Amino acid sequence: MGLSGTEQKYRMPPEEIVKLVDAPLTPAVSLDADRNWMLLMARSGLPPISEVARPELRLAGLRLDPGTNGPSRTGYYTGLTFRRISDGLERGVTGLPEGAKIGQAQWAPDGTHIAFTVTDEAEIALWVADVQTGAARPLGKNRLNGAFGMPFIWMSDSRTLVYRAVPGDRQAPSEAPAVPEGPVVQENLEKVAPSRTYQDLLKNVYDEALFEYYATSQVVVQTVDGEASDLGPAGMVCRAEPAPGGAYLLVKTLHRPFSYLVPFYRFPLRVEIWDRKGRVVRELVDLPLAEEVPIAFDAVPEGPRSFGWRADAPATVFWVEARDGGDPRTETEVRDRVYTLSRPFEGAPTFFQDLELRYAGLTWGGGDLALVTERWWKTRRVRTWHASPDAGCGPRRLFDRSWEDRYGDPGAPMVRRTAEGTVVLLRGGAGRHLFLAGDGASPEGDRPFLDRYDLETGKTERLWRSEAPYYERPVQIVDDEALLVLTSRESVDEPVNYSLRDVKGGEVRQITDFPHPTPQLRDVQKELIRYERADGVQLTATLYLPPGYAPEDGPLPMLMWAYPREFKSADAAGQVKDSPYRFVRISPLSPLPLLTQGYAILDGPTMPIVREDGKEANDTYVAQLAASAEAAVEEAVRRGVADRGRIAVGGHSYGGFMTASWRIRISSGRGSPGAGPTTGR
């Protein structure tokens, strides 16, 4: 039956849900390099329909707002405040336009300014604010090009920024032709290769022209005093990153020919080093179109990739090259090789390290320390190596584990910002120690921790661990000698706030006081529950019950909101996830607003798809999905909080695929007991 025009209009949900959705989010926080100041960034709830309805272009894997030349439907901040950590002094950022949409704030290396973007209907503008006064002002008249993400970055002198700008002489884009000038032609050039399915690809010549139009930018260098100069020619520059010290830039530029089969990051790419006048010092590589990359996990394009500056040296670039042709099916002892090249960027690159698995990251710490990470999907193996960039000795293995094993995760190293604005490893004990922070997964739930790791002995010392009834995690070490740590702290009914924790003395001083954004959910009942699948796999979920619910109230209608995940082992699949002490928060994809309508919510019931007897996980996907769903239903019914006839299931993305699979099973008469309606997003 069709709907009338009146019935087709947007309708508002019950007022209780409106208040939850419109409630402001807890502010985001960023620290300056010296850890003296916090930047508090206020956030609103969901955007209005007027913003969601703005025009959107989908080109080569990008989703762009043609009015701003930036990403479409992106979040933003609504206000900025500086807060001094030592005494709580607050200073609001003033001079902003009314209703400013603030994005991508970044501290100057010396902490005297922040730079950020302000977006309106027609442009993305660059602004700066002075920490001592809070006064903000626009910097220059150029429109920023945000097509490829963060459009600006500070240089080491804290007085100069590099950004990608919309070319000043750019005219309006051409109109789409009413009649195509010719057919869409694709050639396989006698090559046969499997291809993944991607979203938002180019479809025709007009799409190609639009992509080039919105991707083209001019690299600009500008001081906070307003002096600006263009560097190099305009082009499809997707990255322009200054080296520590600011004497050079690493510039990545896309060029034709484009493809209708792969996104922009597989298009031909030229990587160059420029000097401060925009002159090419060296072309590092000009990569061809990469349409034939194998579709297997851990497959990568041939040739150099993952370029970056060494963060602890004045001007050394590094990159990675596959030694197996990028194909994980190739048998070889070396998968990837890491190279470096230092100024004056002449001659052959320097060998840095060979990797048996696929390169996964590199964090610099000094001439005697860099952490190199490699991983392999098929085995779920991840290894971390202690390399010595300047010492000439071979790498030493620090960690070797399965990334599925959350209980055995040693944590990630804490980092700090340097005077040049780069990020390096935070070291203590005259350089002997690293600090590791992690989720602290355990059978009783996540309990974040802070450890001290001795690089010489390989021993770890537990410095601190979160204790019930709070979920508290380290954010940044403010003083590594005194062990003063900035943490975020929350409980089921207390929102995230930030505190200074004296790890040695045990004292905690709260330094923010963000109010409860949704007080109507303050008395929600939350429990991390455990149960078992018929095949013995251990499962977990978070059960939410409405405020005031009592057992004598009997079963409620229930929504299960889930997302399947693939595992190599049943033991890893059965590990407990999440924490019973996290704040009850609303997110854009959260089912929790239905608590106000009398629903019980079973959030995140684990739906593990375990590889069995050498088979691929998806060979038994539907059967394992049904078994997990049946176990969740049985547990909810056993607890008396739901009945089989009033249970709905939903999920987002892969969870939506799960929902469709479950619906098919129900429709065929093979569903779980009492399965109700389904919804996928």
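The values are calculated or read from the model by the stated rules, or taken from the named source; none is laboratory data. As the structure is a prediction and not an experimental result, all values here were calculated from the model. As a convention, Cβ positions derive from the backbone with ideal geometry for all residues, glycine included, and neighbour counts pool all protein chains shown. Ligands, DNA and RNA are stripped out before the accessible areas are found, and what is left, the full protein with its side chains, is counted by its heavy atoms. Shrake-Rupley method; radii C 1.70, N 1.55, O 1.52, S 1.80 Å.
Key figures for this structure:
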read-out	value
Residue match in region 402-421 (condition: free of Cβ contacts under 8 Å to residues at least 12 places away in the same chain and either surrounded by fewer than 16 Cβ atoms within 10 Å (Cβ to Cβ) or among the basic types (Lys, Arg) (or both))	yes
From Val478, Val485, residue being in a strand (DSSP E or B), modelled with pLDDT under 95 and either open to solvent by 50 Å² or more (accessible area, probe 1.4 Å) or touching a Lys or Arg at 6+ places or on another chain (Cβ under 8 Å) (or both)	Val478
Members of region 513-547 found to be under 17 Å from Ile601 (Cα atoms), open to solvent by 70 Å² or more (accessible area, probe 1.4 Å) and either hydroxyl-bearing (Ser, Thr, Tyr) or assigned to a loop (DSSP other than H, G, I, E, B) (or both), listed by number	Arg522, Asp523
Among (1) within 21 Å of Leu602 (Cβ to Cβ); (2) touching a residue at least 24 places away in the same chain (Cβ under 8 Å) - the single one Tyr498 does not satisfy	(1)
Index of the failed condition, Leu450 passing every other in (1) over 24 Å from the mean Cα position of the chain (by Cα); (2) at pLDDT 95 or above	(1)
Filter result for Ala311 (among the hydrophobic types (A, V, I, L, M, F, W, C), under 27 Å from the mean Cα position of the chain (by Cα), in a loop (DSSP other than H, G, I, E, B) and at negative phi)	yes
Residue that is nearest to Arg43 (Cα to Cα), among those in region 550-564 that are open to solvent by 30 Å² or more (accessible area, probe 1.4 Å) and assigned to a loop (DSSP other than H, G, I, E, B)	Tyr563
Residue in region 131-148 that is outside any loop (DSSP other than H, G, I, E, B), closer than 20 Å to Asp34 by Cα and in contact with a strand residue (DSSP E or B) (Cβ under 7 Å, 6 or more places away or on another chain) present	no
Unique residue being open to solvent by less than 80 Å² (accessible area, probe 1.4 Å), within 29 Å of the chain's Cα centre (by Cα), of a type outside the set (D, E, K, R) and more than 30 Å from Pro294 (Cβ to Cβ) when the list is Tyr198, Tyr206, Tyr214	Tyr214
Cβ-Cβ under 9 Å pairs, at least 6 apart or on other chains, region 161-187 side within 30 Å of Pro244 (Cα to Cα) and open to solvent by less than 50 Å² (accessible area, probe 1.4 Å), far side basic (Lys, Arg) and not in a loop (DSSP other than H, G, I, E, B)	Arg164/Arg239
Cβ pairs under 6 Å, 6+ apart, first in region 343-367 and on the phi < 0 side of the Ramachandran plot, second assigned to a loop (DSSP other than H, G, I, E, B) and among the hydrophobic types (A, V, I, L, M, F, W, C)	Arg343/Ala315; Asp354/Val334; Trp364/Ala311
Hits in region 254-297 - residues which are part of a helix (DSSP H, G or I) and charged (D, E, K, R)	Arg266
Subset tally (residues that are without any contact (Cβ under 8 Å) to a residue 40 or more places away in the chain, within 17 Å of Gly411 (Cβ to Cβ) and open to solvent by less than 30 Å² (accessible area, probe 1.4 Å)) for region 373-398	3
Within region 579-609, considering residues that are aliphatic (A, V, I, L, M) and open to solvent by 10 Å² or more (accessible area, probe 1.4 Å), the one farthest from Ala631 (Cα to Cα)	Ile586
Leading residue by the ranking (least open to solvent (accessible area, probe 1.4 Å)) among those in region 422-435 that are of a type outside the set (A, V, I, L, M, F, W, C) and more than 20 Å from the chain's Cα centre (by Cα)	Gly428
Hits in region 161-179 - residues which are under 11 Å from Gln218 (Cα atoms) and among the small types (Gly, Ala, Ser)	Ala165, Gly168
Failed criterion for Val508 (all others in (1) modelled with pLDDT under 95; (2) under 30 Å from Thr81 (Cα atoms) hold)	(1)
Residue in region 565-578 that is under 29 Å from Pro515 (Cα atoms), open to solvent by less than 50 Å² (accessible area, probe 1.4 Å) and among the hydroxyl-bearing types (Ser, Thr, Tyr) present	no
Ser158 vs. criteria free of Cβ contacts under 8 Å to residues at least 12 places away in the same chain and open to solvent by less than 60 Å² (accessible area, probe 1.4 Å)	no
